[in-house]
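Asker: Attaching a single structure in structure tokens format; questions to follow.
The values are calculated or read from the model by the stated rules, or taken from the named source; none is laboratory data. From a predicted model like this one, the values you see are computed outputs, not experimental measurements. Because the Cβ atoms are built from the backbone with ideal geometry, glycine has one as well, and the counts that use them run over all protein chains shown.
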Amino acid sequence: MKEVFIGNYGLEQVGREMTATGWVANIRNHGKLAFIELRDREGLLQVFVGGEIEDFAKLEDIGKEDIIAVTGQVVQREERFVNKSIKSGQVELRAEKIEVISSSKALPFELDQHAHTGEDLRQKYRYLDLRREKMTHNLKLRHQVTSTIREYLNGLDFLEVETPYLT
């Protein structure tokens, strides 16, 4: 189990060396420095990559949806750079080491929540569709509702029976 999910990085982790593992949502390479938006099921984390690190050249081969592990120091962002639209927006990870775990082929559709993709294509590639923020939110909500109902009924001594066991 992960120590901290990417979307849950916050001020509590400032000063700690941590390894964040996730999908590359976006990468902006500015020549001598780069920014990676790293995503897992809980959200996004900005990774700052300075040109002085040994693994900087690896950025040329990293693309969207590649799975990478980045080890580095968690630092607090300056007030003017805080991103209030994401949970981890007060901090960023200063990369010291980058490891490519798995490279991704070109995707059949963009995972951006604003992209308009046909239902048939999304169903065909369901495993990709489930990475979208909206779908992840829907799964979490369904889990919470089901868990709440189950806990309530357990408290009333109901017995949960899965129908295949009735035969």
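Asker: Does region 55-62 contain any residue that is in a loop (DSSP other than H, G, I, E, B) and modelled with pLDDT of 90 or more? Don't jump to the end; show me each part of the working.
Answerer: Our first condition is that a residue be in a loop (DSSP other than H, G, I, E, B); within region 55-62, this holds for 62.
Checking which are modelled with pLDDT of 90 or more leaves us with 62.
Yes, that holds for at least one residue.
Asker: On to the next question. Just one of Thr71, Thr117 is among the β-branched types (Val, Ile, Thr) and not assigned by TED's automatic domain parsing to the domain that holds Leu11; which is it?
Answerer: That would be Thr117, the only listed residue that is among the β-branched types (Val, Ile, Thr) and not assigned by TED's automatic domain parsing to the domain that holds Leu11.
Asker: What residue, of Glu151, Glu110, Glu162, is acidic (Asp, Glu), within 30 Å of Val49 (Cα to Cα) and surrounded by fewer than 16 Cβ atoms within 10 Å (Cβ to Cβ)?
Answerer: Glu110
Asker: Restrict the check to region 25-35 and report whether at least one residue is at pLDDT 90 or above and closer than 16 Å to Val82 by Cα.
Answerer: Checked against the condition, which is being at pLDDT 90 or above and closer than 16 Å to Val82 by Cα, region 25-35 yields at least one hit.
Asker: Let me ask something else. Consider region 1-54. How many of its residues are charged (D, E, K, R) and in contact with a helix residue (DSSP H, G or I) (Cβ under 8 Å, 6 or more places away or on another chain)?
Answerer: Summing the residues that are charged (D, E, K, R) and in contact with a helix residue (DSSP H, G or I) (Cβ under 8 Å, 6 or more places away or on another chain) in region 1-54 gives 4.
Asker: Please work out which residue is farthest from Gln46 (Cα to Cα), limiting yourself to region 87-133 and to residues that are β-branched (Val, Ile, Thr) and part of a strand (DSSP E or B).
Answerer: The selected residue is Ile101.
Asker: For Val70, work out the one condition from (1) of a type in the set (A, V, I, L, M, F, W, C); (2) outside any strand (DSSP E or B); (3) in contact with a strand residue (DSSP E or B) (Cβ under 9 Å, 6 or more places away or on another chain) it doesn't fulfil.
Answerer: It is condition (2) that Val70 fails.
Asker: Something else: Among the residues of region 134-167 satisfying the criterion of being in a loop (DSSP other than H, G, I, E, B) and out of contact with any helix residue (DSSP H, G or I) (no Cβ under 8 Å at 6 or more places or on another chain), which is nearest to Trp23 (Cα to Cα)? Outline the logic, then answer.
Answerer: The initial filter retains those residues of region 134-167 that are in a loop (DSSP other than H, G, I, E, B), namely 156-162, 167.
Of the ones still in play, those that are also out of contact with any helix residue (DSSP H, G or I) (no Cβ under 8 Å at 6 or more places or on another chain) are 156-159, 161-162, 167.
Working: Leu156: 42, Asp157: 42, Phe158: 41, Leu159: 40, Val161: 38, Glu162: 36, Thr167: 44 Å.
By that ranking, first place goes to Glu162.
Asker: Looking at Gln46, is it touching a residue at least 12 places away in the same chain (Cβ under 8 Å), closer than 25 Å to Glu110 by Cα and either exposed (fewer than 15 other Cβ atoms within 10 Å of the Cβ) or polar (S, T, N, Q) (or both)?
Answerer: Yes.
Residue by residue, here is whether (1) without any contact (Cβ under 8 Å) to a residue 40 or more places away in the chain; (2) under 8 Å from the mean Cα position of the chain (by Cα); (3) outside the structural domain of Val75 (by TED's automatic domain parsing) holds:
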site: Arg16; (1), (2), (3): no, no, no
site: Thr19; (1), (2), (3): no, no, no
site: Trp23; (1), (2), (3): no, yes, no
site: Lys32; (1), (2), (3): yes, no, no
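Asker: Okay, moving on. So, in region 113-140, of the ones that are surrounded by 12 or more Cβ atoms within 10 Å (Cβ to Cβ), over 23 Å from Phe5 (Cβ atoms) and not aliphatic (A, V, I, L, M), which residue ends up modelled with the lowest pLDDT?
Answerer: Thr117
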